[in-house]
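The values are calculated or read from the model by the stated rules, or taken from the named source; none is laboratory data. Only a predicted model underlies this, so the values are computations on that prediction, with no experimental measurement involved. So basically every Cβ, Gly included, is an ideal-geometry build from the backbone, and we count neighbours across all protein chains shown. What goes into the accessible areas is simple: the full protein's heavy atoms, side chains included, and nothing from ligands, DNA or RNA. Shrake-Rupley method; radii C 1.70, N 1.55, O 1.52, S 1.80 Å.
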Amino acid sequence: MAVKVVEDWLNACSGCEISILNIGDPLLDILPALEFVHITALVDHKFFGQLGDGVTMDIPEAVVGIVSGGVRNEEQKHELEEIRKKVKFLISLGSCACHGGVPAQANMWKNDEIFEKVFRHCISSTPAPNPEDPSVPKWTPTCAAVDEVVKVDIAIPGCPPHPDWIVEAISALLAGKTAWSLPERSVCDTCPVIREQKSGGGPVKRWLENMEFNPEEGLEKMRCINEQGYLCMGPVTLAGCAGKTGVPRCIQARTPCRGCFGPIRKGARPMVEMMGALTSVGLDPKSLVDRRAMMNRYIGGHGFLTVLPPRPAR
Amino acid sequence: MGKVINIQPVTRIEGHAKVAITLDDAGNVADTKLHVQTLRGFEKFCEGRPVEEMPRTVCHICGICPWAHHLASSKAADACFGVTPPPAAVKLRRLMQSVAYVSDKILHFYFLAAPDFVIGPDADYSVRNVVGIIQAAPEIAKKVVHMRHLGAQMIEAFAGRSIHPTFSLPGGVSKPMTEAERQKMLPLAQELLEFSKFSIKFAKENVFPKYLEAIKSIGVIEVGYLGTVREDGALDLYDGKLRLMKPDGSYDDFAYDQYVDYIGEWVEPWSYQKFPYAKKWGKLNFSLDNPVGVYRVNTLARINVADKMATPLAQAELEEFRAAFGRPAHYTLLYHYARLIELVQCAETAVQLLQDPEITSRDIRVPITPRAARGIGCVEAPRGTLIHDYTCDEQGLITKINLIVGTTHNNAAMNMSVEQAAKQFIKAGKYDQGSLNKVEMAIRAYDP
């Protein structure tokens, strides 16, 4: 018997769903074991009846619920609560669902300020009142991670999460397990670059030039990006972006990590810890431009990014 | 006024939308609306961010076409810093774009659109999906899953990330391509080209002929078109001038950094998505009877505005298409056909670039220095013309940003197509699941 699954995207970009498809050839073996009773991306099940005449949102019962995206409006919140009622295990898929993700950078502003800009201060738009028809859902006070709203059983972080972990977590559930998580290791623990625990010192460099490396040589011959003087969030970021075998994906592109898998463990304070990591190689962490947004890029839920009180007048 | 039919969510598309169809007392369609229900606010929360971080931040707008945002942003950032990337960097950007778009077009045609054609528009919803396709045509499904993934693997092997890339930067790209990497990638690109040729042949023989009636009836409207062409008029997805075509085929060409002179955006209270329109044609009106200012983007628009395709096999396909449907071709479901013609061009372009000796040049990035400036970047995303417009201060921190993304241009046209299809298939209170799916097919063609 196939296991019933409900999947939906909330405040998401659909990258997580593409990552499911990036399972590749094994996808065809996995699919028959799952029965998607709702998945907006692929199957035409409707919330208000197939003839569109229902009055309450109908989420089918299922064993597994998978949601990507954070919670940005009242309808997403309602849907998430309904899904929670109808499934046995809830998976938060991707960093938006687990930590708020990139869209949670919006938490640095009041909602009004964002609407003011989008609907009244964009150069090509005719200024207009905010869309407030009942057909468009109202924003929630913040862009929240899924576990700020309902209980989550399994979190698969990543922007996007690697297909290896999607397969592993779902397989664990199919095998009767009730929990799954990534091992608590940092990106640096899986990164092959050369580290000497020191840099040239001074301010953290802007990313205005490429890393120093010989393209004919592997990463094991390249110097650590922090030690080259740039910000790389590897020290405070959960490992796993390249799946079970590869090297960290951004480093593979010879570009710094920006923390897409989120903190290594619950209760971590990535910004404080990252400033410590920069200090430990001799860099001045206070010199980093746009520090707060840069170090919390993917984790603006859970109160990591908030509206700062106005600075007192001097 | 009577009943409201609420199609929610619109499925097998890439965004969050619902359709509301209001019937009058006689059960005929009185009103239709396509409501886009989400808004994230990138235009605000990008303020304050360093320009060089934008290409890897704004790609998160769309997980299906992150490369389009990544590259439009890189071009806007190039302009902010006032630099021109070296030729090899541009070629590598184009290569990644071509391969990413091949995957995207395979995804849309086979996973999202094909269930309506292979399983049938009136089939039960429980089988009218990709799982149904796998059961109905397992051999093709296997190939499709493999080929869509192959594109992603090619990108990851070279540029680390296929979804939400970090490879392209103001001034160029982050790493050069080695000769070994080129040799590994070329035969894979040739495989993609073979599959692209197979796909368009398959569709022309097995799909389109059966659905000629549907093509002529679902979502049909006659409006204008917008797309990017090279100086010689060939379709280009990375760079060129914008061409805005009227429904009768006459057109204006303009540089994309002049977009504000030609394109305005309107806001309706019932959708978070704005309604771009051709300013010079008059005040926006997207009624079915008398549309003003409405134009479309995405595949059909691009092949309509282009004088020719940029590669030989795609050009042969365009000639066959034009002989059958003319220029501009207006039938909405022809978006699918146009998508496959572009698929061929993308695959051919990838092969050509990988055969170009310059692609392995080490000269891939020019130095950049922050300055106060405004920079506008534009590429053709799979879903249409994509404009990123940044203003930054002397430190190179964003002070203002404006975005017009592909699907947004199609908002008015999609609303018209929904209305047309609803009126066509819902009459005197009679409709079934098949009729409602045909309304969604009118949306799906736009691949929103």
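Here are the numbers for this structure:
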{"read-out": "Breaking point among (1) more than 17 Å from A:S14 (Cβ to Cβ); (2) surrounded by 24 or more Cβ atoms within 10 Å (Cβ to Cβ); (3) more than 12 Å from chain A (Cβ to nearest Cβ), for B:A68", "value": "(1)"}
{"read-out": "Hits in the stretch A:43-81 - residues which are within 11 Å of chain B (Cβ to nearest Cβ), open to solvent by 30 Å² or more (accessible area, probe 1.4 Å) and of a type in the set (A, V, I, L, M)", "value": "A:L51, A:V55"}
{"read-out": "Filter pass, B:G63 being over 17 Å from B:Y272 (Cβ atoms), within 11 Å of chain A (Cβ to nearest Cβ) and not in a helix (DSSP H, G or I)", "value": "yes"}
{"read-out": "Yes/no for A:I83 being closer than 24 Å to A:A239 by Cα and not in a loop (DSSP other than H, G, I, E, B)", "value": "no"}
{"read-out": "Qualifying residue in the stretch B:118-131 (condition: open to solvent by less than 10 Å² (accessible area, probe 1.4 Å), more than 8 Å from every other protein chain (Cβ to nearest Cβ) and in contact (Cβ under 8 Å) with a residue 40 or more places away in the chain)", "value": "no"}
{"read-out": "Which listed residue, of A:P131, A:P215, is touching a Phe, Trp or Tyr at 6+ places or on another chain (Cβ under 9 Å), in a loop (DSSP other than H, G, I, E, B) and within 13 Å of chain B (Cβ to nearest Cβ)", "value": "A:P131"}
{"read-out": "Helices (runs of 4 or more DSSP H) lying entirely in the stretch B:366-448 (those with 1 or more residues that are open to solvent by 10 Å² or more (accessible area, probe 1.4 Å) and out of contact with any strand residue (DSSP E or B) (no Cβ under 7 Å at 6 or more places or on another chain))", "value": "B:411-425, B:433-444"}
{"read-out": "All positions within the stretch B:325-341 that are of a type outside the set (D, E, K, R) and in a helix (DSSP H, G or I)", "value": "B:F325, B:L334, B:Y335, B:H336, B:Y337, B:A338, B:L340, B:I341"}
{"read-out": "Matching residues in the stretch B:274-313 - criterion: being without any contact (Cβ under 8 Å) to a residue 24 or more places away in the chain and among the aliphatic types (A, V, I, L, M)", "value": "B:V292"}
{"read-out": "Residue within the stretch B:254-273 that is in a helix (DSSP H, G or I), open to solvent by less than 40 Å² (accessible area, probe 1.4 Å), within 10 Å of chain A (Cβ to nearest Cβ) and hydrophobic (A, V, I, L, M, F, W, C) present", "value": "yes"}
{"read-out": "Hey, B:S162 open to solvent by 10 Å² or more (accessible area, probe 1.4 Å), modelled with pLDDT of 95 or more and at the interface with another protein chain (Cβ under 10 Å from one of its Cβ atoms) or not", "value": "yes"}
{"read-out": "Candidate set: the stretch B:241-253, residues that are of a type outside the set (D, E) and assigned to a strand (DSSP E or B); chosen: the one farthest from the chain's Cα centre (by Cα)", "value": "B:Y251"}
{"read-out": "Output for the stretch B:285-324, where each listed residue is assigned to a loop (DSSP other than H, G, I, E, B), more than 20 Å from B:D253 (Cβ to Cβ) and of a type in the set (D, E)", "value": "B:D289"}
{"read-out": "Matching residues, the stretch B:2-51, being more than 19 Å from B:S271 (Cβ to Cβ) and of a type in the set (A, V, I, L, M)", "value": "B:L23, B:A26, B:V51"}
{"read-out": "Residue satisfying condition, being touching a residue at least 40 places away in the same chain (Cβ under 8 Å) and either out of contact with any strand residue (DSSP E or B) (no Cβ under 7 Å at 6 or more places or on another chain) or more than 8 Å from every other protein chain (Cβ to nearest Cβ) (or both), within set A:A106, A:A33", "value": "A:A33"}
